[in-house]
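Written below as structure tokens is the structure these notes are about.
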Amino acid sequence: MVVCSFIPDPELYQTPPPFFPTRLYLGNYQFLWGTELEELSGGTPGVFAQARNMLTSVANSLIVGVSVTVICLILGVFAAYSIARVPMRGSSESLFYIFFSRLLPSIAILVPIYVIIQAFRLLDSLLGIMLVHSAFAIPFFVWVLFVYFKSIPQSIEDAARIDGCSRFQQLRKVTLPISRPGLIAASIFAFMTSYNEFLFSSTLSNTIASRTASATLTAVAQGMGRYSVALFMACDVVAILPPIALVLIFRKQVMEGLITAFRR
Amino acid sequence: MKETARIVLENLTKNFGHVKAVDNVNLEIEDKEFVTLLGPSGCGKTTTLRMIAGLELPTSGRIYFDGKLVTDVPPHKRNVAMVFQDYALYPHMNAFENIAFSLRMRKVPNNEIREQVTNTARVLRIEHLLDRMPPELSGGEKQRVALGRALVRKPTASLLDEPLSSIDAKLRDEMRSELIKIHEKFPTTFVYVTHDQVEAMTLSNKIAVMQNGRIHQYDTPINLFYKPVNTFVASFIGSPAMNLIEGKLSSPQAGKVMFEGQDFAFPVPVEVDAEHLNAKAVLGVRPEGVVLHEKEVPGSFGAELYTAEIRGEFTVLKLKLGDTILTSRIESGRMFKKSMWVTFAKGYVFDANSQLKSTF
């Protein structure tokens with residue numbers, strides 16, 4: 001994919017096709033950034049317009065993904081902590097309910113959610129997509145953190161309370177710092193859930209203003225003519241860069257977090 | 001705030017669902033005393049300690065510190081310190097920060113924190129470990145850091161929940177004598193929880209023996225040993241455990257009350273109330289009270305050797321008297337034979353409800 005994105009489109013169709021690019025060709029990327037491209041002929045004009053939107057879409061995806069992660073962090077930490085530690089009626093039931101909502105096939109709730117988002121006049125807006133993505137990301141987030149919190153010995157939290165912490169201080173100064181790998185792993189998963197999501201992103205957005213990377217990629221792919229494979233590959237590369245960068249940066253914490261989450 | 005306190009528990013009860021973990025406990029712990037809650041696992045000793053700490057709220061009953069009602073006061077406002085069985089060091093802080101944490105929470109100035117932590121560390125001999133993270137410390141070192149964390153803040157009371165149970169035997173002996181020293185250097189009220197009677201006997205001023213959420217006896221170690229109120233305390237304190245033989249007391253023969261066990265009858269040299277005659281009873285004899293003779297002597301019973309455990313400083317013999325198995329403790333090096341004669345030198349008589357009636 002990366003190799004193809006650095007080859008001019010017509011060269012891709014030679015027999016045999018080039019295995020490595022013969023020169024560093026940046027035309028496909030320059031096109032995404034606005035430069036006209038001579039090699040591009042054929043294909044439907046709309047596709048080129050879609051490809052031009054790739055950068056905006058990736059930016060949209062990032063905005064939505066980061067917001068979803070922040071929403072998950074705020075709501076999920078409290079949800080997971082209270083289910084894991086605060087004795088209350090119905091905590092195991094609420095945990096079950098949270099998981100259960102995750103088991104529903106998203107296609108089954110597509111129409112109701114569309115109607116709801118429409119009623120709130122949030123169609124075609126990033127906020128609408130953010131809310132829907134958060135609803136999908138929170139269950140897994142809560143589960144990972146729940147397991148992580150459970151794995152912390154109760155006595156460490158007791159010690160913190162005896163040392164003079166209120167519940168909230170104990171959460172902030174002891175529990176959350178210890179849970180850092182779990183928090184990072186859960187956050188990255190929340191981000192990826194949002195970043196990968198296609199069905200709702202494409203259904204809830206009609207214009208480029210709120211279109212995310214996954215939806216734009218599909219639009220590009222669907223309209224792709226004979227001479228735009230290389231361009232499509234360039235779009236792909238741009239789209240996968242943010243998640244790859246994230247995983248590379250937090251590789252260690254993701255592994256630690258997941259190992260703890262699945263070991264229990 | 002005062003540095004030490006008298007702790008009073010009044011009718012303290014804690015239910016977990018239908019389980020009565022602590023059942024109407026009354027306890028008075030004097031200022032600067034070292035008191036141990038002793039009992040088998042599940043007896044409610046840890047729950048009692050956690051209620052003193054404020055980590056559990058009692059179902060009913062009251063807790064007073066120095067006459068002040070603290071039953072509903074949250075732990076961070078009680079100024080008690082606690083050492084946990086698994087140390088519970090904060091894994092994301094080094095030893096220094098672990099010890100300093102409670103001082104930081106109380107916004108003590110930095111230079112004072114440094115001074116107090118260093119002083120505490122010097123007493124506990126962990127000065128050289130202060131910049132290590134918890135995983136880099138050995139069990140005994142973690143224990144010291146946990147103690148340091150408890151002692152640095154000069155608490156009203158220090159609560160210790162089986163602090164020695166997860167370190168190895170040799171270190172445990174060392175830490176035990178160290179704890180005595182620490183209590184001398186930091187004279188605050190210590191409440192100590194353990195299931196190990198040796199720890200309880202050696203460390204405490206007073207011991208509360210607990211079972212099924214109730215306190216059987218609250219007394220000095222010596223009194224617990226020589227005047228156990230019932231068979232539970234009698235069998236829990238002392239090693240090897242006291243022999244308890246079931247039987248009944250019969251009417252006096254030749255002026256002496258007879259204890260009739262399954263396999264022998266023994267004249268009990270004590271006065272017994274008429275109401276206990278012809279009633280079930282338990283005869284208790286400590287292993288060192290089971291005296292061995294090579295030949296038959298008046299009032300002795302023939303016994304067969306069952307097993308012998310040579311423990312070095314003494315030898316523990318199990319003897320069969322019919323179907324009754326008796327434990328005897330003799331000095332090491334003393335010869336023993338396949339069949340011997342035993343007499344009881346010292347013993348206790350418990351009534352049908354297992355309560356102590358008299359000793360001889």
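Read-outs throughout are calculated quantities, based only on the coordinates presented, and are distinct from any laboratory measurement. Keep in mind the model is a prediction, meaning the values are calculated, not measured. Because the Cβ atoms are built from the backbone with ideal geometry, glycine has one as well, and the counts that use them run over all protein chains shown.
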The helix B:110-124 Cα axis meets the longest alpha-carbon principal axis of chain B at an angle in degrees, between 0 and 90 and rounded to 10, of 30
With the 8 Å Cα cutoff and a minimum separation of six or more residues, region A:145-264 has a relative contact order in percent of 40
On the formula 1/(1 + (r/R0)^6), with r taken between the Cβ atoms of B:Glu136 and B:Glu28 and R0 of 45 Å, the FRET efficiency rounded to 0.05 is 0.60
Dividing the helical contributions, -39500 (n - 2.57) per DSSP H run of n ≥ 4, by the residues of chain B yields a 222 nm value, nearest 500 deg cm²/dmol, of -7000 deg cm²/dmol
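What does the extension gain come out to for B:Val73 and B:Ala265, with contour length at 0.36 nm per residue minus their alpha carbon separation?
63.3 nm is the gain from fully extending B:Val73 to B:Ala265.
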Measuring from the longest principal axis of the C-alpha atoms of chain B, the long axis of helix B:139-151 (C-alpha) lies at a number of degrees, nearest 10, equal to 70
Here the relative contact order (percent) of region B:243-359, from C-alpha pairs under 8 Å and at least 6 apart, is 28
Candidate cut points under GluC sites (Glu not before Pro) in region B:221-280, DSSP loop plus at most 10 other Cβ atoms within 10 Å of their own Cβ, are B:Glu271
Under 5 Å from the placed amide H of B:Arg132, counting only residues 5+ away or on other chains, we find B:Ala95, B:Phe96
The residues B:Thr120, A:Thr35, B:Thr324, sorted from fewest to most surrounding Cβ atoms within 10 Å, come out as A:Thr35, B:Thr324, B:Thr120
In chain A, helical segments from DSSP H whose Cα atoms cover 30 Å or more along their own axis and that average at least 1.0 on the Kyte-Doolittle scale are A:54-85, A:126-151, A:229-263
If the chain between B:Lys107 and B:Phe314 were fully extended at 0.36 nm per residue, the gain over the current Cα-Cα distance would be 69.0 nm
Among A:Ala160, A:Ala79, A:Ala215, the residue with the largest mean-square fluctuation in a Gaussian network model of chain A built from Cα contacts under 10 Å is A:Ala160
Sorted largest first, the C-alpha extents of region B:7-236 along its principal axes in whole angstrom are 51, 39, 31
Most exposed to least, judged by fewest other Cβ atoms within 10 Å, B:Trp341, A:Trp33, A:Trp143 sort to A:Trp33, B:Trp341, A:Trp143
With the 8 Å Cα cutoff and a minimum separation of six or more residues, chain B has a relative contact order in percent of 16
Between the alpha carbon centres of region B:283-316 and region B:110-144 the gap in Å comes to 50
With the protein assembly as shown reduced to its Cα atoms and the Debye formula applied, log10 I(q)/I(0) at q = 0.07 1/Å amounts to -0.67
The ³J(HN,Hα) series, computed from each phi in region B:323-332 with the Karplus coefficients 6.51, -1.76 and 1.60 at θ = phi - 60°, rounded to the nearest Hz and given as x for glycine or proline, is 9, 7, 9, 10, 9, 10, 10, 10, 5, 5
Taking Cα atoms only, Rg over Rh for region A:2-263 with Rh from the Kirkwood formula is 1.09
Per-residue ellipticity at 222 nm attributable to helices in chain A (runs of n ≥ 4 DSSP H, -39500 (n - 2.57) apiece, nearest 500 deg cm²/dmol) works out to -22000 deg cm²/dmol
For the B:Ser339, B:Ser166 Cβ pair and Förster radius 51 Å, calculated FRET efficiency rounded to 0.05 is 0.70
Ranked from fewest to most other Cβ atoms within 10 Å of their own Cβ, B:Val272, B:Val233 fall in the order B:Val272, B:Val233
